[in-house]
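**Student:** Following this message is one structure expressed as structure tokens.
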Amino acid sequence: MTNQFDLVIRKGTVVLREEVRQFDIGIQGGKIAALGENLVYSEDTPVYDAEHLHIMPGMVDAHVHFNEPALGHWEGFATGSAALAAGGCTTYIDMPLNGVPPTVRLSALERKLEAAEGHSLVDYALWGGLVPGNVGNLQELAEAGVIGFKAFMSCPGGEGEDIFAEVDDLTLYEGMKEIARLGLVLALHAESEEIVSKLAAQALAEGKRGALDFVATRPIAAELEAVKRALVYAEETGCKLHFVHISSAEAVQAITEAKAKGLDVTVETCPHYLVLTSADLERLGPVGKCAPPLRKTEDQAQLWAALAAEQLDILASDHSPCPTHMKQGDFFEAWGGISGAQSSLELMLDEGYLHRGMPLHLLSRMLSFEPAKRFGLHPRKGEIAIGADADLALVDMKLSYSLQESDLFYRHKHSPYVGRAFGCRVKATFLRGTKVYELGEGLVEKADGIWLRHAAVIGGEEGG
């Protein structure tokens, strides 16, 4: 029997949830319609030959900052999503800051959606925010379709009236009760503001302004204290928690123990904590500044051990871009965010699979399946399975290259990974069966990414 497909991707090494197989992939109507060896299809069916390529589920990056509305000149939906497409990412969840206004009320969400419409090359969902004074606005954001809420336990920075402020303990507690009632997830930046602010003030008073001086103001103890405090509130309120960009094995262990007690909590780390150290920060300068900061080599080794032990749930970029001039000069004044979204998948395949021998299906689960499942996007997103969207990253595991500024699709072409040698490269990216990026050809002209409303995805409806 001859199958009818819009496209067949032929003889790729396909990374499934639990194994890796050589398969053909038949695509129909933007969905994966068939998986198997030697699929039968009509002679006029378009075929993409992937015989020497690995086929991964498109990455689901749950943590990016595209800064619209108002700060699109830092990075907007057009350039940010282009970089993701070139890096094998087909779905992202945009954070409620650093746009102005931040996404803490329905009117702000509507402005962000206007900025995104028709400009994203890949599909997207949106976070709402929890800040002092907006607990009463969470329901309207949830009903509008945000994927969950984000809060900071330390100051995220920024000036003016429309800033995204950190939560005090009462706001966090009351917000978690409301988010639990709404059935959504709270994502937390967990660092103790009392610890980090006082250490920073002390360092500046003593004239300490270098890379390691900055690192010393945000110790692992500040992360661990905030994590444990939030876990107490989660146990009391029943709120589902997701800890973003955890940088230490000590914090991972505390979260693992909470899971064993039955708390609904997940943990994310980022490629920069797994491939860069505080010694690299001294070498790189402020382009490598982030919060929490890069840690010591021994801390990084412990984080890899936690990954191997499957104590980490999600890998996300925390792409936090800015104009290049804001990543220069004084370590304490420079913007604290890493531009890395285009490199996330390649970094984890290069360092995790090619260098450390981590199983491909394990890395793929953390890059795609687990974030899709956690935030209500599965089974549509997150794995190569019949009925799922045909979101695919085709990777040449033998194509080595050195990343150059000219390779980057960011609005501002800086990244701590410029000059890094990679042992693999994304060859092509497909979104719902349509090729949106091909190495050597670049990006498609039409931005066809759709908004994935939380309720719509759960209900099985089309986003947009």
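The values are calculated or read from the model by the stated rules, or taken from the named source; none is laboratory data. Treat the numbers as computed from the prediction; the structure is a model and nothing was measured. When we count neighbours, we look across all protein chains shown, and the Cβ atoms used for this are built from the backbone with ideal geometry, even at glycine. With ligands, DNA and RNA removed, areas are computed over all heavy atoms of the protein, side chains included. Shrake-Rupley method; radii C 1.70, N 1.55, O 1.52, S 1.80 Å.
**Student:** Taking amide H positions as placed in the peptide plane 1.01 Å from N, state which residues far from C89 in sequence (5 or more) or on other chains have amide H under 5 Å from it.
**Tutor:** M59
**Student:** Charges on Cβ only, +1 for Lys and Arg, -1 for Asp and Glu, centred on the Cα centroid of the chain; of G352, A249, A33, which one is farthest towards the dipole's positive end?
**Tutor:** G352
**Student:** Moving on to the next point. Across segment 99-104, in residue order, what do the Karplus-derived ³J(HN,Hα) couplings come to in whole Hz, using 6.51 cos²θ - 1.76 cosθ + 1.60 with θ = phi - 60° and x for Gly and Pro?
**Tutor:** Once θ is set to phi - 60°, the couplings for segment 99-104 become x, 10, x, x, 7, 10 Hz.
**Student:** Continuing with the same structure: How far, in nm, would the chain grow between Y401 and E140 when pulled straight, counting 0.36 nm per residue and subtracting the alpha carbon separation?
**Tutor:** Taking Y401 through E140 to full extension adds about 89.3 nm, to one decimal.
**Student:** Compute the length gained on full extension between L35 and H361: take 0.36 nm times their separation in residues and subtract their Cα-Cα distance, giving the result in nm to one decimal.
**Tutor:** That pair, L35 and H361, stretches by 115.7 nm at full extension.
**Student:** Same structure, new question: With charges set only on the Cβ (+1 for Lys and Arg, -1 for Asp and Glu), what does the dipole of the chain come to about its Cα centre, in debye to the nearest 20?
**Tutor:** The calculated dipole for the chain is roughly 500 debye.
**Student:** Starting from the Cα of K259, step 7 Å along the direction of its Cβ; do the same at T2; then give the gap between the two resulting points in nm.
**Tutor:** 4.9
**Student:** Could you give me the ³J(HN,Hα) list for segment 184-201, computed from phi with Karplus coefficients 6.51, -1.76, 1.60 and θ = phi - 60°, whole Hz, x at Gly and Pro?
**Tutor:** 9, 10, 9, 8, 10, 8, 9, 9, 6, 4, 4, 5, 5, 5, 6, 5, 5, 4
**Student:** In straight Cα distance, which lysines are under 16 Å from K327, not counting same-chain residues fewer than 8 positions off?
**Tutor:** Once the sequence-local lysines are set aside, what remains near K327 is K289, K413.
**Student:** Search the structure for amide H atoms under 5 Å from the amide H of H63, placed 1.01 Å from N in the peptide plane, and list their residues when 5 or more places away or on another chain.
**Tutor:** The answer is I93, S317, D318.
**Student:** Can you spot the aspartates and glutamates whose alpha carbon is less than 15 Å from K398's alpha carbon? Ignore those fewer than 8 places along the same chain.
**Tutor:** Straight-line reach from K398, under 15 Å: E51, E346, D350, E351.
**Student:** R0 = 30 Å: FRET efficiency of L439 with Q22, Cβ-based, nearest 0.05?
**Tutor:** 0.90
**Student:** Summing -39500 (n - 2.57) over the DSSP H runs of n ≥ 4 in the chain and dividing by its residue number, what mean residue ellipticity at 222 nm do you reach, to the nearest 500 deg cm²/dmol?
**Tutor:** That calculation yields -8000 deg cm²/dmol at 222 nm.
**Student:** Want the number for D280 to E206: 0.36 nm per residue separation, take away the alpha-carbon distance, what's left?
**Tutor:** 24.2 nm
**Student:** Counting only heavy atoms of protein chains, what accessible area per residue, in Å², does the chain have with a probe of 1.4 Å?
**Tutor:** Per-residue value: 37 Å².
**Student:** Once each part is reduced to its C-alpha centroid, what is the distance from segment 62-137 to segment 210-288 in angstrom?
**Tutor:** Centre-to-centre (Cα) distance: 23 Å.
**Student:** May I pose another question? On the accessible surface of segment 393-447, probed at 1.4 Å, how many percent belong to carbon and sulfur atoms?
**Tutor:** So the carbon and sulfur contribution to the accessible surface is 47 percent.
**Student:** I've got another one for you. Tell me the carbon and sulfur percent of the accessible area for segment 270-319, rounded to whole percent, probe radius 1.4 Å.
**Tutor:** In segment 270-319, the share of accessible area belonging to carbon and sulfur is 45 percent.
**Student:** As a quick test, which of the pairs K228/K427; K381/K446; K261/K373; K31/K446 have an alpha carbon distance above 31 angstrom in this structure?
**Tutor:** Checking Cα-Cα distances, K228/K427 exceed 31 Å.
**Student:** Then there's this: Across segment 254-260, in residue order, what do the Karplus-derived ³J(HN,Hα) couplings come to in whole Hz, using 6.51 cos²θ - 1.76 cosθ + 1.60 with θ = phi - 60° and x for Gly and Pro?
**Tutor:** 4, 5, 4, 5, 5, 4, 5
**Student:** Which percent of the accessible heavy-atom area of segment 116-176 goes to carbon and sulfur, probe 1.4 angstrom?
**Tutor:** C and S atoms contribute 46 percent here.
**Student:** Suppose R0 equals 30 Å; then what is the FRET efficiency for A308 and A385 from their Cβ-Cβ distance, rounded to the nearest 0.05?
**Tutor:** Step by step, r from the Cβ atoms, then E = 0.75.
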